[in-house]
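J.: Below is a structure I'd like to ask you about.
The values are calculated or read from the model by the stated rules, or taken from the named source; none is laboratory data. Computed from a predicted model, the values in this text were never measured in an experiment. Cβ sites come from the backbone with ideal geometry, for glycine too, and all protein chains shown count toward neighbours. These area figures cover heavy atoms from the full protein model, side chains too; ligands, DNA and RNA do not enter into them. Shrake-Rupley method; radii C 1.70, N 1.55, O 1.52, S 1.80 Å.
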Amino acid sequence: MTDAQPVIRLKPKTDPRPLRRGAPWVFADELVLDRRTRALAPGSLARLEDAERQPLGRVAVNPASKIVARMLDRDPAAEIGPAWFEGRIARALDLRARLYETPFYRLVHAEADGLPGVVIDRFGDTAVLQPNAAWADARSGEIAAALQAATGVSTVVLNGTGRARALEGLDEVTEVIAGAVDGPVPVPMNGATYMADLTGGQKTGLFYDQRPNHAFAARLARGARMLDVFTHVGGFALAGLAGGAAQALAVDSSAPALDLARQGAAATGLAERFETRQGDAFGTLTALGQEGAAFDLVICDPPAFAPNKQALGQGLRAYERIALLAARLVTPGGYLVLCSCSHAADLAKFRAASLRGIGRAGRQAQLLHTGFAGPDHPQHPALAESGYLKALFFRLDG
């Protein structure tokens, strides 16, 4: 062992084969956490070995996290520096450039793109970097420089917020670390224009993961009166209007998000068919029911009700209640779209909770389609968490 490259080692009972086959994480109960390992600073790099002292790769270490080690490179001698970062980003860019005609997409999706804990969303000439792991946070300047070199973007926003950073023991911070941001950025997507607040909005300012589900819903929206609950900056509503919806009502608890949604509707030339309503989703759905409102298409895209296993039971009950309230508002033969971004609630559990709610509303459902995140959000085969997004498209009778 050397100071330049500390060594951490698996416990004798830890099977190294998953790591050799691509598993990217090592948890605290799988490692020998001796005094020397515990003394490593969060974000340190180390050589990972199995119990027989055979090398497994180069890892980033955070003894304060449940995920103590994140695999960076299968080569234990890999130099994690500018060339390495630029190579990983260039590889991710090549995929997105093949998938999308314009530079608006998730550019780096963490472990699935070989950059554990790193999320980068691109908005034309601007990119938003989320370093959600200690190693990436410590090297955010290097990552930003490599990002500019690989893509040519002139502006980089560091968005250091969110639950993932808290689990790594990182502070919250948002700052422009290269270039300048002058107001919301217009984002063309599915025939509509969305306005993304890159410095003060949720997450990176826009949810690219729902793009294919927005497009599918837009096909159902032709000539329809639609309701989009948890709309954020226009979400399904703007895509539906661009696809020919007669009218859309967008609901969100955030006044700034709804203001951006209205700006997006105006920029798309759809303002006359677009309405907003600020309020709690459960309360607004209940009130709409009491008002006798009915819609041909209802979409509910809530935040994660079950962000972890401990919250699973409560989260599934919330999904069931959303389904119940929303199903009551759908006209006979109309459509209901229910979404979940909770990785703790797998597809089977989410679908069961949704169907319970629909049944309690006295409705019968035909499942038309199950949607997931777009290809700019590739899944890591060894991480169930990377398949977090589910969208269920129902046609309701009765």
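J.: Taking helices (runs of 4 or more DSSP H) that do not extend beyond segment 155-246, which have at least 1 residues that are crowded, with 21+ Cβ neighbours inside 10 Å, touching a Leu at 6+ places or on another chain (Cβ under 9 Å) and in contact (Cβ under 8 Å) with a residue 24 or more places away in the chain?
T.: The qualifying helices (runs of 4 or more DSSP H) are 211-220, 235-242.
J.: Let me spell it out: the conditions are (1) part of a loop (DSSP other than H, G, I, E, B); (2) open to solvent by 10 Å² or more (accessible area, probe 1.4 Å); (3) of a type in the set (A, V, I, L, M), and Leu115 meets all of them except one. Which number is the exception?
T.: Failing condition for Leu115: (2).
J.: Taking interchain pairs and intrachain pairs at least six residues apart, which have beta carbon atoms under 7 angstrom, with the first residue in segment 321-335 and charged (D, E, K, R) and the second open to solvent by less than 20 Å² (accessible area, probe 1.4 Å)?
T.: Arg321/Gly357
J.: Next question, about the same structure. Can you name the residue in segment 76-87 that is in a loop (DSSP other than H, G, I, E, B) and among the hydrophobic types (A, V, I, L, M, F, W, C) and, of all such residues, is farthest from the chain's Cα centre (by Cα)?
T.: Ala77
J.: Only one of Glu86, Glu79 is surrounded by 14 or more Cβ atoms within 10 Å (Cβ to Cβ) and among the acidic types (Asp, Glu). Can you tell me which?
T.: Glu86
J.: Okay, next question. Is there a residue in segment 105-112 that is closer than 26 Å to Gln5 by Cα, touching a residue at least 12 places away in the same chain (Cβ under 8 Å) and out of contact with any helix residue (DSSP H, G or I) (no Cβ under 6 Å at 6 or more places or on another chain)?
T.: Yes, segment 105-112 contains a residue that is closer than 26 Å to Gln5 by Cα, touching a residue at least 12 places away in the same chain (Cβ under 8 Å) and out of contact with any helix residue (DSSP H, G or I) (no Cβ under 6 Å at 6 or more places or on another chain).
J.: I would also like to ask the following. Within segment 125-143, can you find the residues that are open to solvent by 10 Å² or more (accessible area, probe 1.4 Å) and not polar (S, T, N, Q)?
T.: Answer for segment 125-143, where residues must be open to solvent by 10 Å² or more (accessible area, probe 1.4 Å) and not polar (S, T, N, Q): Asp125, Asp137, Ala138, Arg139, Gly141, Glu142.
J.: Same structure, new question: Would you check if there is a residue in segment 383-394 being more than 16 Å from Pro303 (Cα to Cα) and modelled with pLDDT of 95 or more?
T.: yes
J.: Residue check: is Phe282 modelled with pLDDT of 95 or more and closer than 30 Å to Ala110 by Cβ?
T.: Spelling it out, it is not the case that Phe282 is modelled with pLDDT of 95 or more and closer than 30 Å to Ala110 by Cβ.
J.: Further question: Are any residues in segment 296-311 in contact with a Phe, Trp or Tyr (Cβ under 9 Å, 6 or more places away or on another chain) and of a type outside the set (A, V, I, L, M), and if so, which ones?
T.: Asp296, Cys300, Asp301, Pro302, Pro303, Phe305
J.: Here are Phe230, Phe207: which of them is aromatic (Phe, Trp, Tyr) and more than 18 Å from Val330 (Cα to Cα)?
T.: From the options Phe230, Phe207, the qualifying one is Phe207.
J.: A follow-up question, please. Condition first: in contact with a helix residue (DSSP H, G or I) (Cβ under 7 Å, 6 or more places away or on another chain), within 12 Å of Leu396 (Cβ to Cβ) and either among the β-branched types (Val, Ile, Thr) or open to solvent by 10 Å² or more (accessible area, probe 1.4 Å) (or both). Now tell me which residues in segment 333-353 satisfy that.
T.: Once the filter is applied, which keeps residues that are in contact with a helix residue (DSSP H, G or I) (Cβ under 7 Å, 6 or more places away or on another chain), within 12 Å of Leu396 (Cβ to Cβ) and either among the β-branched types (Val, Ile, Thr) or open to solvent by 10 Å² or more (accessible area, probe 1.4 Å) (or both), segment 333-353 yields Tyr335, Val337.
J.: Also, I was wondering about something else. List every residue pair whose Cβ atoms lie under 8 Å apart, where the two residues are 6 or more positions apart in sequence or sit on different chains, the first residue falls within segment 350-369 and is closer than 15 Å to Gly334 by Cβ, and the second residue, located anywhere, is part of a strand (DSSP E or B) and open to solvent by 60 Å² or more (accessible area, probe 1.4 Å).
T.: Between residues of segment 350-369 that are closer than 15 Å to Gly334 by Cβ and residues that are part of a strand (DSSP E or B) and open to solvent by 60 Å² or more (accessible area, probe 1.4 Å), the close pairs are Ile358/Gln364; Arg363/Asp397; Gln364/Asp397; Ala365/Arg395; Ala365/Asp397; Gln366/Arg395; Gln366/Asp397; Leu368/Arg395.
J.: Looking only at segment 302-332, count how many residues are open to solvent by 10 Å² or more (accessible area, probe 1.4 Å) and among the aromatic types (Phe, Trp, Tyr).
T.: 1
J.: What number of residues within segment 250-267 satisfy the criterion of being in contact with a Leu (Cβ under 6 Å, 6 or more places away or on another chain) and open to solvent by 10 Å² or more (accessible area, probe 1.4 Å)?
T.: 1
J.: Tally time: how many residues in segment 365-378 are exposed (fewer than 14 other Cβ atoms within 10 Å of the Cβ) and over 27 Å from the mean Cα position of the chain (by Cα)?
T.: The number of residues fulfilling the criteria is 1.
J.: Criterion first (open to solvent by less than 30 Å² (accessible area, probe 1.4 Å), modelled with pLDDT under 95, of a type in the set (Lys, Arg) and part of a helix (DSSP H, G or I)) does Arg96 satisfy it?
T.: no
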